[in-house]
Amino acid sequence: MGKLALIAALAAIVCLSGIPMAVRAADQHNNEVMPQTSSGARSGTEKRCPSQQETEIVLSKASALMGQAKYHEAADSLQPLSGLRCDPRVSLLLAAAFEEGGDRPKAEQTLQRAHSLWPSNNSIAASLAREYLGSGQVDKAAQALGHFHATATTPMQEMELGVVVFIASHQLVSARALAEMAYKSYPSVHSLLLLANAMQLQGRFKDVVALLGGKRDAYGGSPAFLITLAESEYDSILYDAARSDLERAISLDQNSYQAHFLLANALFKLGNVDQAISEYRLAIGLSPDQPRTYYQLAIALQAKQDQAGAEDELAKALSIDGHYAPALIETGRLLISQNRPSDAVTQLNLAIKDNPNAEQAYFLLAKAYSQLGDKEKSDEMAKRLVAVRNANWKSSGNKDGSQSAPNPATSR
């Protein structure tokens, strides 16, 4: 996993079935039960929670039905108990049945009700957060984890979900603390890289190099381990070390897009431009829908004075993502060098529309307007550059004292 791989993995995590979280709800809060009477009585008749044995029978039957893909029948069997609000596991399994049956709104509603009753239940909180992430509601996902307190027995899946939510909501100190607990409780290459990614997003590249370097003997045969280590080596300006680890990763997995892409970056920094270009092209062949690869290839082609080739690659990047700021900015730079300031202004304004903190865009806009003879606009862009630079500096740390996560729209 690379620095942004954890964010990219979000889609995989949030698409996981709700069943594991429901069935493996094993932390200390999962045995919370409501009082044995319910206020939902009709006609003065008091409804009572069933015995523990009766509850287990219903849960077992529902789980068996779900294993047979009979999700609607499972939901029907659980709903009477869910109405009694006696056992949080009932709500977890009912939400999973709704989700697997294709009714995500009911799944979310079920978890919302359960969360209001058992706000400290980690499994319910994690399941609800996963639902919110699935619909792109990062703030709500973070709120759902407001009372999430992991222990050594909290399932790894829930801890990992928590780390992803904290990263997505820029709570990087919390993400790192939870990742450290996950690695301590479930030591493996996967949990180690989860921690490394959280540290990378804090800008602690040298610490990651030290952490992973000490585990090379144990995990040096893992391409993901070598790629993550190499990424921090690259960020620590240890380009030769990064190159060596990435070449080793590719020898283990020749079809790793991330390894070829990062190796190209390291080769470019080492001055091996031709080799870098070859690696970028290999990376494109493995994953042709990544705009950053075309952008980086364009930069390498410019180093070879191939301006036409660079323009072609930038156009390809923008054909994939017309809002990709690095390509828009670089296109603007090329247009300025070609004495086409009006076209440059168009591209650069698109860049700042989607990425208003892009300092380089304001710098180039000031140049473009100067070429056009518009001193007033040029001065305005220069002033905005100073303001944005100051704002970026002040916001380099977030509210929990950690460095803000990088903008996924930027590239190495």
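Please treat every number below as a calculation from the coordinates, not as lab data. Since this is a predicted model, take the numbers as computed values, not measurements. When we count neighbours, we look across all protein chains shown, and the Cβ atoms used for this are built from the backbone with ideal geometry, even at glycine.
Values computed for the structure shown
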| item | result |
| --- | --- |
| Per residue Cα convex hull volume in Å³ - calculated over segment 244-303 | 62 Å³ |
| Evaluated over segment 53-93, the Cα radius of gyration and Dmax, each in Å | 9.2, 26 |
| Mean-position separation - Cα centroids, segment 246-304 and segment 42-117, in angstrom | 51 Å |
| Two-site label geometry, Ala391 and Asp207: point separation in nm, points 7 Å out along Cα→Cβ | 2.9 nm |
| Peptide ranges 303-309, 61-67, 222-228 listed from the most packed, as the mean C-beta count within 10 angstrom indicates | 222-228, 61-67, 303-309 |
| Inter-label distance for Thr153 and Ser188, nm, one decimal - labels placed 7 Å from Cα along Cα-to-Cβ | 2.0 nm |
| Rounded, prolate or oblate (a/c below 1.5 giving rounded, otherwise prolate when a/b exceeds b/c) for segment 51-193 by Cα gyration tensor | prolate |
